[in-house]
Amino acid sequence: MKKLLLIISLGMAIVGCQREEITIGTHASDVFYLLNKGSAMPVRVHGNTASKTFMLMIHGGPGGDAIIYRSPYVVENLEEEIAMVYWDQRNGGATQGGANGANDEVDIFIEDLEKMVALLKHRYGDDISLFVNGHSWGGFLTPAFLQKDQNQYLVKGWIQSAGAHNIPLLNGYARQMLLDKAAIEIAAGNNTAKWTEIQDFCNSITLPLNAEKGLKLNGYCFEGQTLTPELPGIEYNGTAVYLQNDFPLLQLTTGRNSVPISLTNWLFTDQQLSDNMSVITIPTLLLFGKYDYVCPPLLADDIESRIQSAYKRKVVFEKSGHGVMFGADEQAYWTEVIAFIRTFK
Amino acid sequence: MKLSLVLFLCLIWGLCAYAQSPEPVVSLPQTGIKVAFLATPRYPGFDLGIERPYLVTQLEKTRHQESRYISKTRYLSANLGYYHHPTYHDLFFLRLEHQYRRQGSGGWFTEWAPGVGFSRSFLGGETYSVSDGGQITRKTLAGFNYALVSLSGGGGYRFAKERANPVLIYAKTSVLCLFPSNSNFYLRPVVSLGVVFSSGSFLAAHPTLKMKKK
């Protein structure tokens, strides 16, 4: 029995003795974890770390994952030039940990992100040029982080990709977009039953919405995208991306657990960051899809009119919905991103 | 003559009846040592354990004057498992299983087992914590303890079933449920391909034997 215990202990010790690996090179592939308040969040850094230019992807959800953005296009084109940082937020992606139920408010996510930035600078140098790219829910978290204290000066630029920075505004725009599109599609005789259902729902609600109605509208927004003939189907093999990156597939259900759901409910109780948007002065790139009912492109106008950045650019992609970086405009989207980074790194 | 014939038949019947009574048809199972390759399903690992029978029910089924024997054995089993999932974690898990094995008159058997246990993960990359003051510390042996429940099912073949110390090969699938994980639970399917050896003398078991006829 003593021998068995000794063998187990030795095995655990061997596994546990992990050598610190920091790759400075053109094809880095580092994986490490940020441990904060009971949650171990994986961080994957792929690409050209020698460039000293890093882009941190801040994923959607809440409860989504970052590695999904590592498309073959990104690997071939962006990772050659810069280092891409795929960070899974707490209770999302491949994050690990135990009971984490109390940490369901945005403040803890902002703290995680602050520590994430500190950790990247610790590993790769204080002199790295860091850009943050928030998508969807990440487009709420990112400006929330930037607006706090002096955080915005830790990064060189902000990319807002179909972000949800103002829920009441989002609900109003989404409702109107769906109503406009429903009228067109019903007149054209396309998916009439479903569009009529969407139209009836949109007509039945009055703004501002409570969380329940807001989430129902959000569901119709996603459905509306699948019914929009102008949006080509997205041929994106997410499973292949997960498998190539050793992502634990069964953790994909994490987004449906109580903590992200509770956070989503909180978000949909009229949370908004517009009032304080004027504090932002760093270069900003706003990228939205024309047919994105989930985070309508008019949200970009609200940010554009409020931030005090000397450089701000808004692009609305004609063939995209909410997954603006995955679909027909993939190349155009990443071309905008890399041009922005080259300018401000 | 008739009486002699009746007595003779009675004797034959008696001998036959004696032959079928309390002796177990298949030798009683013994404590076994299990060694298995484990896959989860893409990532490798191992499963080592010990199984100890405590109840054997031998069932005789007679049909058209032909008897078939089925043996149902309950085991208590303790296992140490491990798998390596690069960049995610290394997981060690200790499981106690209540194993139900049904052995037919051929060598094939099926089994299922509910289990409970404990697991410890080691994160698949260097791990850091950052204090509120911005001080960064590298954590060694970072990981989490999870409670575990599991359900397994599978089957195998028992070689040399008449011997007291046969060798069994088996394949089984388990679903491990680790909790709490991200305030919820985490399910992990694992497949094991293994061998069970029993020496007969190692931790000799004396399972209770029950015989039933149908």
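Each reported figure results from applying straightforward, stated rules to the coordinates on display, with no laboratory input. All of these numbers come straight from a predicted model, not from anything done at the bench. So basically every Cβ, Gly included, is an ideal-geometry build from the backbone, and we count neighbours across all protein chains shown.
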Percent antiparallel among DSSP beta bridges with both residues in the protein assembly as shown, to the nearest 5? 75
Which whole-number percent gives the relative contact order of the stretch A:135-254, counting Cα pairs below 8 Å spaced six or more residues apart? 20
Within the stretch A:146-167, name every residue whose backbone N is under 18 Å away from a label modeled 7 Å from Cα of A:K52 along the Cβ vector. A:154-157
Measuring from the longest principal axis of the C-alpha atoms of chain A, the long axis of helix A:330-344 (C-alpha) lies at a number of degrees, nearest 10, equal to 60
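Other chains' Cβ within 10 Å of B:182-193 residues: what's the mean? Spell out each step's value before the answer.
On the way: counts 23, 18, 11, 2, 7, 3, 3, 1, 0, 0, 0, 0.
Average per residue, whole number: 6.
Relative contact order of chain B: what whole-number percent is it, with Cα pairs under 8 angstrom and at least 6 residues apart? Could you put the intermediate results ahead of the total?
Working: 528 pairs, mean separation 48.2, N = 214.
Result for chain B is 23 percent.
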Remind me, relative contact order of the stretch A:55-158 in percent, using alpha carbon pairs under 8 angstrom and six or more residues apart? 36
Whole-Hz couplings from phi, Karplus 6.51/-1.76/1.60, listed for the stretch A:68-77; x for Gly and Pro: 4, 7, 7, 6, x, 5, 5, 4, 6, 10
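Give me the dipole magnitude in Debye, nearest 20, for the stretch A:84-223 about the Cα centre, with unit charges on the beta carbon: positive for Lys and Arg, negative for Asp and Glu.
200
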Would you list, by chain and number, the aspartates and glutamates whose Cα falls below 14 Å from the Cα of A:K148, excluding same-chain residues fewer than 8 positions away? A:D107, A:E111, A:D112, A:E114, A:D275
Would you kindly derive the ³J(HN,Hα) couplings of the stretch B:73-82 from the backbone phi angles with the Karplus curve 6.51 cos²θ - 1.76 cosθ + 1.60 (θ = phi - 60°), listing them in order in whole Hz, with x for Gly and Pro? 10, 9, 10, 9, 10, 10, 9, 10, x, 7
If amide H atoms are modeled at 1.01 Å from N in the peptide plane, then the residues at a separation of 5 or more from A:I22, or on another chain, having amide H under 5 Å from its own are none
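Given A:K52/A:K156; B:K34/B:K213; A:K156/A:K312; A:K194/A:K216; B:K72/B:K212; A:K156/A:K314, which pairs have Cα atoms separated by over 20 Å?
Details: A:K52/A:K156 12 Å; B:K34/B:K213 31 Å; A:K156/A:K312 13 Å; A:K194/A:K216 14 Å; B:K72/B:K212 11 Å; A:K156/A:K314 17 Å.
In this structure, B:K34/B:K213 exceed 20 Å between Cα atoms.
Ranked from highest to lowest mean number of other Cβ atoms within 10 Å per residue, what is the order of the peptides A:298-306, B:152-160, A:109-117?
Working: A:298-306: 18.8, B:152-160: 16.6, A:109-117: 21.8.
By packing density, highest mean first, the sequence is A:109-117, A:298-306, B:152-160.
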Is the C-alpha gyration tensor of the stretch A:129-217 telling us rounded, prolate or oblate? Criteria: a/c under 1.5 is rounded; beyond that, a/b larger than b/c is prolate, otherwise oblate. prolate
Label-point separation in nm, B:V167 to B:V149, each point 7 Å along Cα→Cβ: 3.8
Under the Karplus curve 6.51 cos²θ - 1.76 cosθ + 1.60, θ = phi - 60°, whole-Hz ³J(HN,Hα) for the stretch B:88-101, x wherever Gly or Pro sits: 9, 6, 9, 10, 9, 9, 9, 10, 9, 10, 9, 9, 10, 10
C-alpha long axis of helix B:2-20 to longest principal axis of chain B, angle in °: 10
